[in-house]
Amino acid sequence: MSGDPALFEIVWLSLQVSGVALLISTTVGIPIGAALAMSRFTGRRLLIVLLYTGMGFPPVVVGLFVYLMLSHSGPLGSLNSALIPALFTPGAMVVAQSIIAFPLVAGFTMTAVLGVDPGLRLQIQSLGATRWQTALTVLVEARIGVIVAMIAGFGGIISEVGAVMLVGGNVEGSTRVLTTAIVLETRKGDFELAIALGLILIGITFLINIAMLRLQGRTTEI
Amino acid sequence: MSTSALPGNEQCYELREVTKQYGGRRVLDITTLDIRRGEIVVLVGPSGAGKSTLLRMLNFLEPPTSGCIRYHGIASCADQRVPLEARRRVTTVWQRPILLKRSVEANIRFGLQLRGRRDSTRQVRQALEQVGLCALAQQQARTLSGGEAQRVALARAMVLDPDVLLLDEPTANLDPYNVGLIEDAVRGCNHEKGTTIVWVTHNVFQARRLAHRVALLLDGRVVEFAEASAFFDTPQDPRTAAFVRGKMVY
């Protein structure tokens, strides 16, 4: 299988879809997780319960939800907007994976920020920090936990199969990613290729975790 | 008796009918309290007297529930916040310093960075010298001893060159060597730069060493506020006399 362009395409699409989904979920999830940890408002507890529920939500159900939303007769699909991705496209897979990763990123970020000494905020403010400077500093102090949140989010989506199968459709050359390719090759009885794809998936996950841990090690030395 | 510079008559803080309540419980009730620019005021009193609450309000971290605190004429009231620029002229050193997970130098530079000052090497170096920590500039703050951490906290406050330095029992858990270092640094800051100091302590001997004026707080009220010599030698209130004689046990 070495040098197989179809294989590279599958690996590249897997990284692209999960990478973009992680970027979206991180952009949304980190501020929301930090805000939930640092703010007190009515309904906060309910939001936290919903977030924790989302962390354990079956990805395939998320896939079903996105499928219903994006299908031609669904509330979003029927709008025919260029901003809304169609079913069986990488865009639809990104949407599903972003929803799956969001509660993981936000939830772990919230826990990390809650772990920062609560007295720090007052001391930062007494040094002249604005609200935003205080929030950013606390987030930077919780950086190890935030990196763990990103690792958890990426781990949750790169290895996910149910949702991407539903909304992507495993279309060769278009929406086939590593996990859906493994399912397909196993069904076809090509266990050798399925195992090889599995090893690549494990390798990618391993390398990304190593990179994140190196980054974590560097940030603790600042 | 303090060797610090004598303060002028210009008012730094003016508190009038200031109260603070938490959940309906009144923790501070000050009819009137004036702090002059450039003086060292020491607040003494038992735990729960409202000393730390008062410091937080003097740093504008919390507004009064009623009444107003005027800082050089700028009002901090329940419905009126102090502008950031004025808030940044006041800073606090806390009993338990919480340092950032960065180097000693980076911790000291932090407040200057908040103010957008990039070229701060000279000030940081000077602050390190003031607290005797030049040798530890690159060390991680989390590896410091309690005394060293408190000196970093003092340096990160002094580097900002504040008009007012508030200290909330900064030497409560320190050995005599570190206590002496911190007292000298704060006294120097007051003497050389005219910084107004408000220092909270349980230690009557420390109050004698440092204060121009001393205030005794009990149950959120100022029992007596007088020049240090008068406070210790001829107290007007029997509770002050008891405190001076060490009869109040904390």
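Derivation of every value follows stated rules applied to the coordinates shown; laboratory data play no part. Not measured: the values here are computed from a predicted model. Positions of Cβ are generated from backbone atoms using ideal geometry, with glycine treated the same way; all protein chains shown enter the neighbour counts.
Within chain B, the cysteines lacking any other cysteine Cβ closer than 4.7 Å to their own Cβ are B:Cys12, B:Cys134, B:Cys189. Only Cα pairs under 8 Å and 6+ residues apart enter the sum, and on that basis the relative contact order of the stretch B:11-244 stands at 27 percent.
For the pair B:Arg245 and A:Tyr52, what calculated FRET efficiency results from E = 1/(1 + (r/R0)^6), where r is the Cβ-Cβ distance and R0 = 41 Å, to the nearest 0.05?
On the way: r = 57 Å, r/R0 = 1.40.
Result of the calculation: an efficiency of 0.10.
Relative to the longest principal axis of the Cα atoms of chain A, the long axis of helix A:5-38 lies at roughly 20 degrees.
What is the stretch A:107-176 by shape, rounded, prolate or oblate, if you read a ≥ b ≥ c off the alpha carbon gyration tensor as root eigenvalues and call it rounded for a/c under 1.5, prolate for a/b larger than b/c, and oblate otherwise? Prolate, since a/c reaches 1.5 and a/b exceeds b/c. The charge dipole of chain B, taken about its Cα centre with unit charges on the Cβ atoms of Lys, Arg (+1), Asp and Glu (-1) only, comes to about 720 debye. Please identify the GluC sites (Glu not before Pro) of the stretch A:143-222 that satisfy two criteria: DSSP loop assignment and at most 10 other Cβ atoms within 10 Å. Which are they? In loop regions of the stretch A:143-222 (DSSP not H, G, I, E or B), the sparsely surrounded GluC sites (Glu not before Pro) are A:Glu221. The stretch A:1-41 and the stretch A:110-183 have Cα centres separated by 9 Å. Partner lysines whose Cα lies under 21 Å from the Cα of A:Lys188, excluding those fewer than 8 positions away in the same chain, are not found.
Across chain A, C-alpha contacts under 8 Å between residues 6 or more apart give a mean separation that, scaled by the residue count, equals a relative contact order of 27 percent.
Please compute the volume of the convex hull spanned by the alpha-carbon atoms of the stretch A:44-149 and report it per residue in Å³.
On the way: hull volume 14.7 nm³, N = 106.
Once divided by residue count, the hull of the stretch A:44-149 is 139 Å³.
Were the residues from B:Thr32 through B:Asp219 laid out at 0.36 nm apart, the gain over their Cα-Cα distance would be 65.8 nm. Springs between Cα atoms under 10 Å define the GNM used for chain A, and in it the highest mean-square fluctuation of A:Thr186, A:Thr27, A:Thr130 occurs at A:Thr130.
Return the average number of partner chain Cβ atoms within 10 angstrom of each residue Cβ along peptide A:127-139. Write out the running numbers ahead of the final one.
Working: counts 16, 15, 8, 4, 0, 0, 4, 1, 0, 0, 4, 1, 0.
Mean shielding count: 4.
Let me make sure I get this right: for the stretch A:159-210, a, b and c are the square roots of the gyration tensor eigenvalues over alpha carbons, sorted descending. Under 1.5 in a/c it's rounded, otherwise prolate if a/b > b/c, else oblate. Which is it? Judged from the Cα gyration tensor, the stretch A:159-210 comes out oblate (a/c at least 1.5, b/c at or above a/b).
Placing one equal scatterer on every Cα of chain A and applying the Debye formula, the log10 ratio I(q)/I(0) at q = 0.13 Å⁻¹ is -0.82. Computed 3J(HN,Hα) for the stretch B:191-198, one whole-Hz value per residue from the Karplus formula 6.51 cos²θ - 1.76 cosθ + 1.60 where θ = phi - 60°, is 6, 7, 10, x, 5, 6, 10, 10, glycine and proline marked x. Two numbers describe the Cα atoms of the protein assembly as shown: Rg and Dmax, which are 29.8, 98 Å. Note on chain B: with a GNM built from Cα contacts shorter than 10 Å, the maximum mean-square fluctuation among B:Ser103, B:Ser52, B:Ser145 falls on B:Ser145. Rounded to the nearest 10 degrees, the inclination of helix B:104-114 to the longest alpha-carbon principal axis of chain B is 70 degrees. Provide, for q = 0.16 Å⁻¹, the log10 of I(q)/I(0) from a solvent-free Debye sum over equal Cα point scatterers in the stretch A:1-90. Result of the Debye calculation: -0.94.
Divided by 2.2 N^0.38 Å, where N counts the residues, the Cα radius of gyration of the stretch B:138-250 comes to 1.18.
Percentage of Cα-Cα pair distances in chain B greater than 21 Å, rounded to whole percent? Intermediate results must be reported in sequence, preceding the final value.
On the way: 17921 of 31125 pairs.
Cα-Cα pairs of chain B separated by over 21 Å account for 58 percent.
Across the options B:Pro97, B:Trp199, B:Tyr177, the greatest Cα extent toward the positive end of the charge dipole of the stretch B:11-244 (unit charges at beta carbon of Lys, Arg, Asp, Glu) belongs to B:Pro97.
Principal-axis analysis of the Cα atoms of chain A puts helix A:59-70 at an angle of about 80° to the longest axis.
Comparing B:Ala127, B:Ala149, B:Ala135 in a Gaussian network model of chain B (Cα springs below 10 Å), the most mobile by mean-square fluctuation is B:Ala135.
Each Lys and Arg Cβ is given +1 and each Asp and Glu Cβ -1; about its Cα centre, the stretch A:72-222 then shows a dipole of about 320 debye. Taking a straight line from the alpha carbon of B:Lys51, these lysines sit under 26 Å away, with near neighbours fewer than eight places off in the same chain left out: B:Lys20, B:Lys193, B:Lys247. Under 5 Å from the amide H of B:Leu167 lie the amide H atoms of B:Val93, B:Val198, B:Trp199, B:Val200, each residue being 5 or more positions distant or on a separate chain, with H modelled from the backbone and absent for Pro and chain starts.
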